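Reviewing the structure listed below.
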């Protein structure tokens, strides 16, 4: 995996939880807002360990116009939780330990991981930053938002 660290606390002995690290990085404001709206802050501050494939703000900006706002609506709470938990693994997987294959997510389905010159998720999403350490897991930065099967962006925008 290519390593691009967006974590100001990466080398500190005192690591903070995933939510604090993502907040402090300053490049995950949309993700942090979505985690808050989905009531997942406490979960992601828990003991873990977790691996979060974290879309940065640029990744969220690639979504169709209005989709983030639609996901943040109270009536789409369950869909937002589904999307966010699809980005989370229930274990800590560092870049050196990633391998090709289907990987189960906290959401319940799998992400297809291909390891080559770059790490690619579901054939379209690239890992652009790795091993941002937190006290309860690790964050890997991705360049687009993953949508699990069953989430219809067009229907959310209708």
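Being more than 12 Å from the chain's Cα centre (by Cα), touching a residue at least 40 places away in the same chain (Cβ under 8 Å), more than 12 Å from residue 31 (Cβ to Cβ) and surrounded by fewer than 20 Cβ atoms within 10 Å (Cβ to Cβ) holds for only one residue in 95, 78, and it is 95. Restricting 121, 146 to residues that are crowded, with 20+ Cβ neighbours inside 10 Å and farther than 18 Å from residue 30 by Cα narrows the list to 121. The set of residues in the stretch 44-64 being more than 23 Å from residue 120 (Cβ to Cβ) and out of contact with any strand residue (DSSP E or B) (no Cβ under 9 Å at 6 or more places or on another chain) consists of 45, 46, 47. Scan the stretch 84-95 for residues that are within 17 Å of residue 33 (Cβ to Cβ) and not in a helix (DSSP H, G or I) and the total you get is 2.
Going through (1) touching a strand residue (DSSP E or B) at 6+ places or on another chain (Cβ under 9 Å); (2) in contact (Cβ under 8 Å) with a residue 40 or more places away in the chain one by one, residue 135 falls short only on (1). If the condition is being part of a strand (DSSP E or B) and out of contact with any helix residue (DSSP H, G or I) (no Cβ under 7 Å at 6 or more places or on another chain), then the stretch 124-139 contributes 125, 126, 127, 128, 129, 133, 138.
For residue 55, indicate whether it is crowded, with 16+ Cβ neighbours inside 10 Å, modelled with pLDDT of 95 or more and more than 28 Å from residue 156 (Cα to Cα). The answer is no for residue 55. Taken together, 87, 140, 126 contain a single residue that is modelled with pLDDT of 95 or more, within 16 Å of the chain's Cα centre (by Cα) and surrounded by fewer than 20 Cβ atoms within 10 Å (Cβ to Cβ), which is 126.
Residues of the stretch 98-108 that are part of a loop (DSSP other than H, G, I, E, B) and surrounded by 15 or more Cβ atoms within 10 Å (Cβ to Cβ): 98, 105, 106, 107. The lone criterion from (1) touching a strand residue (DSSP E or B) at 6+ places or on another chain (Cβ under 8 Å); (2) part of a loop (DSSP other than H, G, I, E, B) left unmet by residue 149 is number (1).
The values are calculated or read from the model by the stated rules, or taken from the named source; none is laboratory data. For clarity, every value in this text was computed on a predicted model and none was experimentally measured. Here Cβ is always computed from backbone atoms with ideal geometry, including for glycine, and neighbour counts include all displayed protein chains.
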